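S.K.: One structure is given below, represented as structure tokens, and several questions about it will come after.
The values are calculated or read from the model by the stated rules, or taken from the named source; none is laboratory data. Given the structure is predicted, the values throughout are model-derived calculations rather than measurements. As a convention, Cβ positions derive from the backbone with ideal geometry for all residues, glycine included, and neighbour counts pool all protein chains shown. Quick note on the areas: whole protein, heavy atoms, side chains included, nothing else; ligands and nucleic acids left out. Shrake-Rupley method; radii C 1.70, N 1.55, O 1.52, S 1.80 Å.
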Amino acid sequence: MADRKLHPRTRSVHHGIRRSQYGEMAEALFLTQGFAYDTAEQAEARFQKVGSDEFIYARYGNPTSRMFEDRMASLEGTEDAFATASGMAAVNGALMSMVAPGDRVVASRQLFGSCLYVLDVLKKFGVDVVLVDGTDLDQWRTAVTPGTKACFFETVSNPTLEVMDITGIAGIAHAAGALVVADNVFATPVFSRAVEQGADVVVYSTTKHVDGGGRALGGVICGTRDFVRNVAEPYLKHTGGAISPFNAWIMLNGLTTMDLRVRAMADSALAVAQALQGAGLPVIYPGLPSHPQHQLAMRQMGSGGTMVAFDLGSQEAAFAMLNRLELVSISNNLGDAKSIATHPATTTHQRLSEADRATLGIGPGLVRLSVGLEHEDDLIADLLGALA
Ligand SMILES: *Cc1c(COP(=O)(O)O)cnc(C)c1O
């Protein structure tokens, strides 16, 4: 209980550590898929009741993975967490494990392409999926019927940075008995208070800000112990979605510096957004007063985050600018220490039709920028230079 009073930055350095008999300071990498038993009886007992400290196979759990899960649960303020092979394994695991044919899932249509794909898979198995404009509470109210199983959305949408009202959506969901499942990647675990604001299940791609160096894939599902261990875990452990212990070890190390990194990146993102707006560009950044959900973003996250988007009007103009960048890389990850520029229409969202992209505000001139850890003056000089 005393631990709960520690600041998140302290928890992200200390929590979840399990030391072996050697008393090692750093988080140990238990690169083992199996665990030996003293006797056949012990093996039998372990299989009958897998307690939280009793490991039997890395697809079910591993000490390094469990350190990462415990640290994420502590940060997020949930009872438990299950770490997955990627962010998409977390989204798929959270949703697929909780639904049955005939259930309704209401989701924001402002979603990352792979999240939309998972919803299509649910439809194929008889789940009634209804898409709404996630920023319009009236649409949620109409779509969420009694017996709706889940409401799913990205708290800040990829790539157009629309901000969803977690408390508002949770009120509607909970009145109908539905669970709120929030993909919180763009909000980051640093600025998020999604559970406090009403989310029941929070999923992350830890590939992004948690790793922070663009090295490894990972994901996590945070929620109540009952949901994590009795709903999500059985599905994930039998279908092979668990994180590799090596990747969990990378994520643990990422967490120790995440708070500092993400705050520095968000400070630079605000400076970059202001500079681009000052240069006359239509800039989308939740930290700017011109953003339609600026007040909500500040209330929910206290920051505009690390992502900035801007529209150059045409693909030709966007490509010309991207090709002139010297410091910022053209790539499609985000949350990396290195700043990254992405052209969503031709890469991350190319699977969608032009009409669907237009509905989501992903025009041919849209550029998404993940602001990294470089000095903000160097980033602004590179971006303005590429625009000239
Ligand atoms: C990247 C991302 C995912 C998927 O994560 P992976 O680790 O690449 O599987 C899901 N949701 C959002 C919002 C993302 O940005």
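S.K.: Does Phe82 meet the test of being within 15 Å of the ligand (Cβ to nearest atom), in a helix (DSSP H, G or I) and more than 18 Å from Ile169 (Cβ to Cβ)? First the steps, then the outcome.
M.R.: Numbers: within 15 Å of the ligand (Cβ to nearest atom): yes; in a helix (DSSP H, G or I): no; more than 18 Å from Ile169 (Cβ to Cβ): yes.
Answer is no for this residue.
S.K.: Restricted to the stretch 351-361, and to residues that are open to solvent by 80 Å² or more (accessible area, probe 1.4 Å) and in contact (Cβ under 8 Å) with a residue 40 or more places away in the chain, which residue is farthest from the ligand (Cβ to nearest atom)?
M.R.: Thr359
S.K.: Do the conditions hold for Leu260, that is, is it crowded, with 21+ Cβ neighbours inside 10 Å, among the hydrophobic types (A, V, I, L, M, F, W, C) and in contact (Cβ under 8 Å) with a residue 12 or more places away in the chain?
M.R.: Working: crowded, with 21+ Cβ neighbours inside 10 Å: no; among the hydrophobic types (A, V, I, L, M, F, W, C): yes; in contact (Cβ under 8 Å) with a residue 12 or more places away in the chain: yes.
Answer is no for this residue.
S.K.: How many residues does the stretch 115-166 hold that are away from the ligand (no atom under 16 Å from the Cβ), loosely packed, with under 15 Cβ neighbours inside 10 Å and touching a residue at least 12 places away in the same chain (Cβ under 8 Å)?
M.R.: Residues meeting the conditions: 5.
S.K.: Same structure again: Can you name the residue in the stretch 214-241 that is within 14 Å of the ligand (Cβ to nearest atom) and of a type in the set (Gly, Ala, Ser) and is also most open to solvent (accessible area, probe 1.4 Å) among such residues?
M.R.: Here the residue is Gly214.
S.K.: If you take the residues of the stretch 174-189 that are open to solvent by less than 20 Å² (accessible area, probe 1.4 Å) and in contact (Cβ under 8 Å) with a residue 40 or more places away in the chain, which of them is farthest from the ligand (Cβ to nearest atom)? Before the answer, list the steps.
M.R.: Here is the first cut: in the stretch 174-189, the residues open to solvent by less than 20 Å² (accessible area, probe 1.4 Å) are 178, 180-189.
Those left that are additionally in contact (Cβ under 8 Å) with a residue 40 or more places away in the chain: 178, 181, 183, 185-189.
On the way: Ala178: 20, Val181: 12, Asp183: 5, Val185: 4, Phe186: 6, Ala187: 10, Thr188: 11, Pro189: 13 Å.
Across the stretch 174-189, the extreme among qualifying residues is Ala178.
S.K.: Just the residues that are more than 14 Å from the ligand (Cβ to nearest atom) and among the polar types (S, T, N, Q), please, taken from the stretch 197-213.
M.R.: Gln197
S.K.: Out of the stretch 320-344, which residues are among the small types (Gly, Ala, Ser), open to solvent by 10 Å² or more (accessible area, probe 1.4 Å) and assigned to a loop (DSSP other than H, G, I, E, B)?
M.R.: Our first condition is that a residue be among the small types (Gly, Ala, Ser); within the stretch 320-344, this holds for 320, 329, 331, 335, 337, 339, 341.
Keeping just the survivors that are open to solvent by 10 Å² or more (accessible area, probe 1.4 Å) gives 320, 329, 331, 337.
Ser331, Ala337 - these are the residues of the stretch 320-344 that are among the small types (Gly, Ala, Ser), open to solvent by 10 Å² or more (accessible area, probe 1.4 Å) and assigned to a loop (DSSP other than H, G, I, E, B).
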